[in-house]
Structures are given as C-alpha cells and as structure tokens.
1. Residue check, Ala40 against (1) surrounded by fewer than 19 Cβ atoms within 10 Å (Cβ to Cβ); (2) farther than 21 Å from Leu156 by Cα; (3) of a type in the set (Gly, Ala, Ser), all met but one. Which one?
2. Ala175 is checked against (1) under 19 Å from the mean Cα position of the chain (by Cα); (2) aliphatic (A, V, I, L, M); (3) in a loop (DSSP other than H, G, I, E, B) and fails just one. What number does that condition carry?
3. If we keep just the residues of the range 147-163 that are surrounded by 15 or more Cβ atoms within 10 Å (Cβ to Cβ) and not β-branched (Val, Ile, Thr), which is farthest from His31 (Cα to Cα)?
4. Just checking, which of Ala304, Ala283 is surrounded by 19 or more Cβ atoms within 10 Å (Cβ to Cβ), modelled with pLDDT of 95 or more and small (Gly, Ala, Ser)?
5. Among the residues of the range 124-141, is any among the aromatic types (Phe, Trp, Tyr), crowded, with 19+ Cβ neighbours inside 10 Å, touching a residue at least 60 places away in the same chain (Cβ under 8 Å) and outside any helix (DSSP H, G or I)?
6. Tell me, which residue of the range 178-197 that is under 19 Å from the mean Cα position of the chain (by Cα) and more than 20 Å from Arg75 (Cα to Cα) is surrounded by the most Cβ atoms within 10 Å (Cβ to Cβ)?
7. Give just the number: which of (1) within 20 Å of the chain's Cα centre (by Cα); (2) among the hydroxyl-bearing types (Ser, Thr, Tyr); (3) over 18 Å from Gly193 (Cα atoms); (4) surrounded by fewer than 21 Cβ atoms within 10 Å (Cβ to Cβ) does Thr209 not satisfy?
Amino acid sequence: MQSWRGLDDVPGDWGRSVVTIGVFDGVHRGHQALLARTVAAARALGVPSVAVTFEPHPAEVVRPGSQPPRLTTARRRAELLEAQGVDVVLVLPFTVDLSTLSPADFAQTVLVDRLHVAAVLAGENFAFGHRAAGDVEILRTLGEKYDFGVEVVPLLDGLSSTLVRRQVASGDMEAATVSLGRPHRVEGVVVRGYQRGRQLGFPTANVETPPHTAIPEDGVYAGWLQCIPVGNLPVAYEGERWPAAISVGTNPTFEGVPRTVEAYALDRDDLELYGTHVAVDFAARLRGNTKFDSIEALIAQIHADVAEARRLTT
C-alpha cells in the first residue's frame, strides 16, 4: 500500500482511480463495507483504489476544542485501512483553508485535478465542503459535470463512529467489538507509575495514552496486552500477546491518583516494558471501581478479576 500526506505527494503521472472519502475513525464495520465496495469497483475498472482521510479531525479545526475522543490513532487508522485492501491512503492535513473550500472546489481540487477520479463511493450520509454543504446529490451533480461515477453505499445498521464512541464510553466493550469487528484498542507508551500493582503482586503496564483517546468507562476489564513497533521506540517481546486484566480509573482505594489505564499481563511478573509502545485491547468489563477497606480485600478481588479475565481471554 502507498501512503501520501497531502496533495503534493500525489505523483504527477497519476492516472485514473476510484476514491472513497471520510475520517474513518475506528474503521468500523460500516467503513469496512464502504471500503470493500471501493476496492471492488476499482478492480472492476482496472484502476487503483484510494481512501482519502483527514488529520487532525475536522471538528478540531472547524470548532476548536470540540474534537471527539479518537477510536484510533492516525497510524492505527492507516494500518486498518491497508488491511481492507485499498491501494493508497491519502491523508489530507485538515486546515482552515481546506475547510473553506466549497463542495465544487473540493471536488475539482482533490478529486479531479489530482486524483483523476473515475468513481467516488460514499456513505449515504456523506457530507463535504465548507460547512458540510455538499451531500451525495451534489456529488452526483459534480460527477456529471466532471465525468466521474458516484455510488452511494447504505449505512450498516445505523453504525457510526459516534455510536462506537458511546459504546466505549459506557464500558460496553462487547457491543464495541461487534461494531468494530475487533476489540477496541487503546495505545500508548508505558511509563512509571506508583508501582502499587507490583507491590501487590500484580505488576501493571501504566499506559500514557495520546490526547483525545477514547478510553472506556472507569472499571476493571478483561483484554489483551502487546508491544507494537512505532517510530524509533524499542520493541520488546515482538509477536507476543498476553491475556490481561486491565484497570481504568483513579484507583479509589488509594487517594490522589490521576486517571490511568493499567494492564496486568496474566502470570507475567518478568516483563520490562518501560518506554515501549503497547496496545491494550478490551474484551469485556468485569466490574466498576470500588474502594476497599483493606489491602487484603483488594488483593482478594484482584485474584477474582484475574480468574475472570483468564476465563474470557484464554
């Protein structure tokens, strides 16, 4: 797969292509259906398929401070788009100038002049151009003007990134898994915390997540932990993925603790993960956070959480 950032990366001799456009946060099953149709249409015409996406999220530029929680990092989103079989991912830096293009100017500048579009595939709720003034009917009109086809793909069961964010925020990880077609993932670098888990016999990876990450509701979860290669950060235990018990929240038994995501890889007290980039995949919420009257009671509950996490993930 090729990856371009900005229109200047499009090769000067680029030929015709089939294009789909969206933020694609989460690359959920609805996105996957749209991408599959895009790939199929491109193959039928014998041309490359291109997924056009945006970074940062348009809401952050149009209404600063309103960016929704992100279901995927930009790197993860590109990885998921590639897995759907598209030939090229074009990431357009979403700027004020881009946001002010009319639907017609956007179509001519991006689709016609640079991508030489043969067909555009869009969801039925697709909107584009300044103040989201363009819709699929306007896209069809522009297609007639510039000689490209338009195929509208129906929404899948009302599925949207907004719905998935609500599922994650409420801790309904089973529903999020169904919507995404895979477990919801939170990524970040492992940093030093208070090391209370180690003192209790359950050493955890304290994950420093990027801003705007969609983090599940406070509680204890079952899931998985693994190291993934990102940039120049060290990669340890490559290829390994461990069942995990995951804590999200402030740990009410200990006062003055900031909100954290911590993952204990079951039966592993030998992992050296500081400074590595890890992925935490959420399978199910086990319980909410509770303040325990004693350390002994907390340890007993952790043992129960670990047993349930093991049942659900191994």
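1. Looking at each condition in turn, Ala40 falls short on (2).
2. It fails just one condition, (3).
3. Restricting attention to the range 147-163, the residues satisfying the condition of being surrounded by 15 or more Cβ atoms within 10 Å (Cβ to Cβ) are 148-153, 156, 159-161, 163.
Next, from what is left, pick out any that are not β-branched (Val, Ile, Thr): 148-149, 151, 156, 159-161, 163.
Values: Phe148: 22, Gly149: 20, Glu151: 14, Leu156: 9, Leu159: 9, Ser160: 9, Ser161: 9, Leu163: 13 Å.
Residue satisfying both the conditions and the ranking: Phe148.
4. Details: Ala304 fails: surrounded by 19 or more Cβ atoms within 10 Å (Cβ to Cβ).
Going through Ala304, Ala283 in turn, the sole match is Ala283.
5. Filtering the range 124-141 for residues among the aromatic types (Phe, Trp, Tyr) gives 126, 128.
Filter once more, keeping what is crowded, with 19+ Cβ neighbours inside 10 Å: 126, 128.
Retained after the next criterion (residues that are touching a residue at least 60 places away in the same chain (Cβ under 8 Å)): 126, 128.
Going one step further and asking which of them are outside any helix (DSSP H, G or I), we end up with 126, 128.
Yes, some residue in the range 124-141 is among the aromatic types (Phe, Trp, Tyr), crowded, with 19+ Cβ neighbours inside 10 Å, touching a residue at least 60 places away in the same chain (Cβ under 8 Å) and outside any helix (DSSP H, G or I).
6. Filtering first and then ranking leaves Ser179.
7. (3) is the only condition that Thr209 fails.
Residues checked against (1) more than 22 Å from Gln2 (Cβ to Cβ); (2) of a type in the set (Gly, Ala, Ser); (3) within 19 Å of the chain's Cα centre (by Cα); (4) not assigned by TED's automatic domain parsing to the domain that holds Ala33:
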{"residue": "His57", "(1), (2), (3), (4)": "yes, no, yes, no"}
{"residue": "Arg63", "(1), (2), (3), (4)": "yes, no, no, no"}
{"residue": "Arg70", "(1), (2), (3), (4)": "yes, no, yes, no"}
{"residue": "Phe94", "(1), (2), (3), (4)": "no, no, yes, no"}
{"residue": "Phe126", "(1), (2), (3), (4)": "yes, no, no, no"}
{"residue": "Gly129", "(1), (2), (3), (4)": "yes, yes, no, no"}
{"residue": "Asp135", "(1), (2), (3), (4)": "yes, no, no, no"}
{"residue": "Tyr146", "(1), (2), (3), (4)": "yes, no, no, no"}
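The values are calculated or read from the model by the stated rules, or taken from the named source; none is laboratory data. Note that the coordinates shown come from a computational prediction; the quantities given were computed from them, not determined experimentally. Cβ sites come from the backbone with ideal geometry, for glycine too, and all protein chains shown count toward neighbours.
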